[in-house]
1. Considering only strands (runs of 3 or more DSSP E) fully contained in region A:65-170, which possess at least 3 residues that are over 16 Å from A:ALA40 (Cα atoms)?
2. How about region B:43-81: which of its residues are in contact with a strand residue (DSSP E or B) (Cβ under 8 Å, 6 or more places away or on another chain) and closer than 27 Å to B:LEU263 by Cβ?
3. Within region A:242-251, does at least one residue satisfy the condition of being modelled with pLDDT under 95, within 10 Å of another protein chain (Cβ to nearest Cβ) and assigned to a loop (DSSP other than H, G, I, E, B)?
4. With (1) in contact (Cβ under 8 Å) with a residue 12 or more places away in the chain; (2) within 14 Å of another protein chain (Cβ to nearest Cβ) as the list, and A:ARG287 as the residue in question, which single condition is left unmet?
5. For B:PRO193, work out the one condition from (1) closer than 18 Å to B:ASP10 by Cβ; (2) part of a loop (DSSP other than H, G, I, E, B); (3) out of contact with any Asp or Glu (no Cβ under 9 Å at 6 or more places or on another chain) it doesn't fulfil.
6. Kindly evaluate B:MET251 against the criterion of being of a type in the set (A, V, I, L, M), farther than 14 Å from B:THR33 by Cβ, buried (at least 19 other Cβ atoms within 10 Å of the Cβ) and touching a helix residue (DSSP H, G or I) at 6+ places or on another chain (Cβ under 6 Å).
Protein chains: 2
Amino acid sequence: MSIREVGPRDGLQNEAPVPTEAKVRLLDALSRTGVGRIEAVSFVHPKAIPQMADADEVWKSATKEDGVRYSALIPNSRGAQRALDAGFTEIEVVVSASDTHNRRNLNRSTADSLDDIAVLIDSLHAAGARVEVIIATSFGCPYEGDVEPARVAAIVDRVVADGADRIAFGDTTGMATPPRVAAVVSRVREKHPDLPMLLHFHNTRGTALANVYTALQLGVTEFDASVGGLGGCPYAPGASGNVATEEVVHMLHDMGIDTGIDLSALLDVARMAQEIVGRELPSGVLRAGPRLPLAR
Amino acid sequence: MSIREVGPRDGLQNEAPVPTEAKVRLLDALSRTGVGRIEAVSFVHPKAIPQMADADEVWKSATKEDGVRYSALIPNSRGAQRALDAGFTEIEVVVSASDTHNRRNLNRSTADSLDDIAVLIDSLHAAGARVEVIIATSFGCPYEGDVEPARVAAIVDRVVADGADRIAFGDTTGMATPPRVAAVVSRVREKHPDLPMLLHFHNTRGTALANVYTALQLGVTEFDASVGGLGGCPYAPGASGNVATEEVVHMLHDMGIDTGIDLSALLDVARMAQEIVGRELPSGVLRAGPRLPLAR
């Protein structure tokens, strides 16, 4: 079981900006929870995403723990170069299965993004890095509605042919439900049985853990999650975005599945995250505590 | 698929008291959503539970819809008589699988409560009513911790022998996870394959819909839910109690399972419930809307 903590990047990128010092503190605390992977920063244009303007400084100041795999998200070749210069060897790029979402998010068509990604993969591979392609809106698009698993599968085929090392399926606005998860996972697995596959759920409509459970039953072992549920839209109080890491870990541990994560340490970090963003985070386990005092 | 709406009773009983008129308005609006069953009121001592002091008046003023089955919760023979006098033919009684919880909640041992229930079942049957026994803390107790499925199963055996018509398993403080749900359901089903069985989940730690999904896979077709998630403790803002009806319905409909409920009408009632209790309710579907504008 492999949890990737995305609070420092995906989480903080979708919150009001916080000081560099706080980002480093959060990242360092997460590195000591036992989590195996952390999405640390994104190298994006500071005008586009001011929350990540200090990515180089954050990463330079962070204490890198042995045994933790850190990754960075990049939008283009400029970001790729920054990520490589910073020493990252695990790089994420993103494309939306929905063309409308891709145009609104990246200002180009899905087809154009796929062409860009093919070039990025080559140059990142040449520099010795591995590339994960994140397919956003894999389970539905807020503009287009349902997204056919065939569209998602076609993108997988394309990026795998172009050399992608790993795939992540993003439930960008919380539209996934169990049968939709099963449809995408089964379809992709059938054609690419050995492709490393990660699922990224939002808890916008309460289904995140049902989706995780569905994916577990299908043999998926990699999930994104965000400490405290960091990354809910700050302008809609209480709105829920990324599923909270402690909720995923809490359920997995009670199912007898080890994540390597110390839940108690993770909850300390969730409290820190809450203090950093200055609002109550949407995490039931943070609010109520684990089901048992001694639960891990 | 049968959803029982518990907002008017279990929901409002765990909120700060609201006016009689608001209770009637909520109940009437729910009756028009297409939901098949509603837990309407409880007949308890007004000093013990002031929120239900006006149960007789609420029920008398409510518009009873054909095709909706209404039920009432009762704690003892006095409550049973009030429920019968009010015309209820579906009556719920409660006992905790955990002795400590039973003592704190009902001021007697689980064994004593079971003896009381045996007597209540006889008198209610004699009056022509059906009796559902709700087993609280079926998946864990906040005082005792884990509750063995064998203890739950033994209570089922006992109350079935005493004539209980139906059983509900309550996840009283949100301690259920998929394997715990599977353990209780499988164990009880094995011995009582035809016993009508209902599951009542709280979303305290994010697992409610994962638990519903687990139970669905095991063939369970009856679930409690509370409009808007009414019934979270009012003194812990944002704390999540009963799973929100619209979250259950939203997931079921997207899974192609009809509930008979008009989701759009239900969301209108959830907004009404929010206005009645004067606080934001913990429901993702209420906050974010359905995954599609046209979703039902």
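1. Output list reads A:130-136, A:166-170.
2. B:VAL58, B:TRP59, B:ALA62, B:LYS64, B:VAL68, B:ARG69, B:TYR70, B:SER71, B:ALA72, B:LEU73
3. Within region A:242-251, not a single residue is modelled with pLDDT under 95, within 10 Å of another protein chain (Cβ to nearest Cβ) and assigned to a loop (DSSP other than H, G, I, E, B).
4. (1)
5. Here B:PRO193 meets the rest and fails (1).
6. Numbers: of a type in the set (A, V, I, L, M): yes; farther than 14 Å from B:THR33 by Cβ: yes; buried (at least 19 other Cβ atoms within 10 Å of the Cβ): yes; touching a helix residue (DSSP H, G or I) at 6+ places or on another chain (Cβ under 6 Å): yes.
In short, yes.
Rundown of residues vs (1) buried (at least 21 other Cβ atoms within 10 Å of the Cβ); (2) acidic (Asp, Glu); (3) modelled with pLDDT of 95 or more, yes/no style:
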{"residue": "A:LEU27", "(1), (2), (3)": "yes, no, yes"}
{"residue": "A:ARG32", "(1), (2), (3)": "no, no, yes"}
{"residue": "A:ILE38", "(1), (2), (3)": "yes, no, yes"}
{"residue": "A:PHE43", "(1), (2), (3)": "yes, no, yes"}
{"residue": "A:ALA48", "(1), (2), (3)": "no, no, no"}
{"residue": "A:MET52", "(1), (2), (3)": "yes, no, yes"}
{"residue": "A:LYS60", "(1), (2), (3)": "no, no, yes"}
{"residue": "A:LYS64", "(1), (2), (3)": "no, no, yes"}
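Results for (1) within 19 Å of the chain's Cα centre (by Cα); (2) within 26 Å of B:VAL249 (Cα to Cα), shown as yes or no for each residue.
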position	(1), (2)
B:PRO19	no, no
B:VAL24	yes, yes
B:VAL44	yes, no
B:ALA62	no, yes
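The values are calculated or read from the model by the stated rules, or taken from the named source; none is laboratory data. Every value quoted in this text rests on a predicted model; they were computed, and no experiment measured them. Note: ideal-geometry Cβ built from the backbone for every residue, glycine included; neighbour counts use all protein chains shown.
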